[in-house]
Amino acid sequence: MRAEKAPSRSIEEYPTGKKIFTAVLLPVMGVCIGLVSLFVCGILDTDLGWTMFLSYLHEPLILALNLIPCVLLVWLFFFLTGRVWPAFVFPAALVFALSAINYYKIRIRSETFLVSDVAIAGEAAGIISRYKLELSGRILLMIGALVFGTLFTVLLLRGKWKNRRARLICAAVTLAAIAALGVTVYRSTDVYYNKAVNKTAEINVWSDLQVYVSKGFLYPFAYSAKSAFPEAPEGYSEARAKAILAPYEDADIPADKRVNIISVMLEAYTDLSEHPQVPVHDDVYAPLHALYPECVHGHIVANVFGGGTVNTERNFLTGYAQAEEYRKNTNSYLWYLRSQGYYVEGYHAGDSWFYNRKNVEYNLGMERFGFLDDYTDASRFDSSFFGILTDLYADRDKSVPYFNYSITYQNHGAYSATGSPDASYLDKGSLSDASYHILNNYFHGIADTSQRMRDFIDSLRDDEAPVIVVFFGDHMPWLGDGNSVYHELGINIDLGTEEGFFHYYTTPYLIWANDAAKAVTGSDFAGDGGAISACFLMNRIFALCGWKGSAWMQFNADTLARADILNTGNSLYRVDGELISGYLLEDDQKDVVWNHKIAEYYYKRHFLYQEQVR
């Protein structure tokens, strides 16, 4: 005879002691989840982990802001399911997964995990797949906590609260509390910058990474939702934005000054030979240095380091200091060039899904943009890339002016720390084996890229058509966990110093023209172009061509005359030659920076080139 299954007991049937035990256990589980997350994410490098975690325990507000979400999630899932085990398993799985992503992103890219990253989860997974992820003690601890908590709650706490009406009321109240905290405390700039300050941890307050980590994980992650959905800048009004832009209107490009332009953004390309202590062989950068006397050359001050290619890309194509996702048609220099009769196309030696380029490039005005899969036998290497770029230019419609923006993939990290190509591109000296291999692999690609840049320009010298070539790097390369290679090389990347700031964000650019283009424009295309933000690089090109450009180009030119660096990565600006934090700008300096923010916010949201849409 089959035994009947005993019905589960409702909480109402429990003895008072068990009710109290459950009521106490639930918030304790939330606290434990939060503490494990803090321990895993409280890391800047392997030496500061315990120090950072202990600092949280001495900062009650920071501790509370990171634990409260976990406690509320535990209560929410308990009220929704009526059981204890889902109240632990689902919040823990969610919080631990987010914590692991943040942990590995810091270790691999020296960047924190933001809410905006969720929208590009596919791209992130593609990047992560190229790295070897080690199961460190922190990650193993987190996995162990999840397994232990699951077994404990599933095996020992089987009862269920069956009063559905009461549970739903409690769930609604919990959701309301989460929403209220989310739009007040967790969104408050005052709390983030002035109240939730970790005075115990020794950090560099100029480093966004260190400031983020000093506040835990769940709290700064929740606060980052504020930037995922851009807000109008301080002092914004549509009337003020219109007044700022009123003096400017699009100017036509003179028919007798039109030239073809080929612009190439080079993946992780920078000139490390600018640091005398770097033992790189001269021939690695010799082709680049040979081009300098016949180019306008200088430095891009990017907003990103070791990754975030698309930020520099979109700054260049739009002239905006703050890059966004651009999920609809948005004013850009590409749309302006199309309005002037230019054919605009490009190519990326990568995948169309990466950074959603398959959509965004067209929203910014591309008429055609190709990817690796569009070409038979194409590869991610520059040997293939420059061949395709040469063919695109040769096959263009020569009856109309031409603009090309293309992106390389070669030199993308990570660079192996355990093996090198047969050739050596630097002296090992006192470098560790891992650092030597990372650098040798990096320089192997850079040497090839440098020569192909030179060869590509040589192929255009005698072209009868006027053509300009622009090369620029997107960001500094990632060179080992915790930027260990930079430290071994003695390169200062301390964002608390001006020197470190420029070393951290700077990549080269050069603008070359053949004789036909020099004759058309009347410019000699030689000299030092200085250090500028990527949003001003197109200004350099237009000025050399003798073009006034679009209304935005003209406004940007006036901004450039006062402020040539608008760094959103660390909120630093160079105004009237002085590099200064956004919080310390004088009134006159602040007007320059904030007028640009206000005009940019408006201009992004009022599309002007509808007649060019096809």
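Taking label positions 7 Å along the Cα-Cβ direction at both PHE229 and ALA176, the computed distance is 2.0 nm, reported to one decimal.
Counting neighbouring beta carbons within 10 Å and listing from fewest to most, the residues GLU267, GLU361 come out as GLU267, GLU361. Across region 370-493, the relative contact order, built from alpha-carbon pairs under 8 Å that are at least six residues apart, equals 24 percent. Here's the list of lysines a cross-link from LYS215 could span, going by alpha-carbon distance under 23 Å and ignoring same-chain residues fewer than 8 apart: LYS105, LYS195, LYS199, LYS226. Of all beta bridges that DSSP places with both ends in the chain, some 45 percent have antiparallel geometry.
Hey, can you list the DSSP H helices of the chain whose Cα span along the axis is 20 Å or longer and whose average Kyte-Doolittle score is at least 0.5? Answer set is 16-41, 60-81, 84-109, 137-156, 164-183. Exposure proxy ranking for HIS444, HIS281, based on other Cβ atoms within 10 angstrom of each Cβ and starting from the fewest, stands as HIS281, HIS444. Mind checking which of SER459, GLN322, MET142 is farthest towards the positive end of the chain's charge dipole, using Cβ charges of +1 (Lys, Arg) and -1 (Asp, Glu) about the Cα centre? Final value for the positive-end residue is MET142.
In the chain, the calculated helix contribution to ellipticity at 222 nm averages -15000 deg cm²/dmol per residue, counting -39,500 (n - 2.57) for every DSSP H run with n ≥ 4.
Measuring spread by the Cα atoms of the chain yields a radius of gyration and Dmax of 27.5, 101 Å. Sequence-distant contacts, meaning Cα pairs under 8 Å at least 6 residues apart, place the relative contact order of the chain at 19 percent.
For region 222-370, what relative contact order do you get, as a whole percent, if you take Cα pairs closer than 8 Å and at least 6 residues apart? Relative contact order comes out at 16 percent.
Over region 242-345, the alpha carbon radius of gyration divided by the compact-protein estimate 2.2 N^0.38 Å works out to 1.40. For region 240-612, the number of Lys pairs with C-alpha atoms closer than 22 Å, counting only pairs eight or more positions apart or on separate chains, is 17. Sorted on the mean count of surrounding Cβ atoms within 10 Å across their residues, most packed first, peptides 393-401, 591-599 read 591-599, 393-401. Bridgeable aspartates and glutamates around LYS160 (alpha carbons under 20 Å apart, same-chain partners fewer than 8 residues away excluded): GLU4, GLU12, GLU13.
Read-outs: derived from the displayed coordinates by stated rules, not from any lab. In this text the structure is predicted, and so the values were computed from the model without any measurement. All Cβ positions, glycine included, derive from the backbone under ideal geometry; neighbour counts span all protein chains shown.
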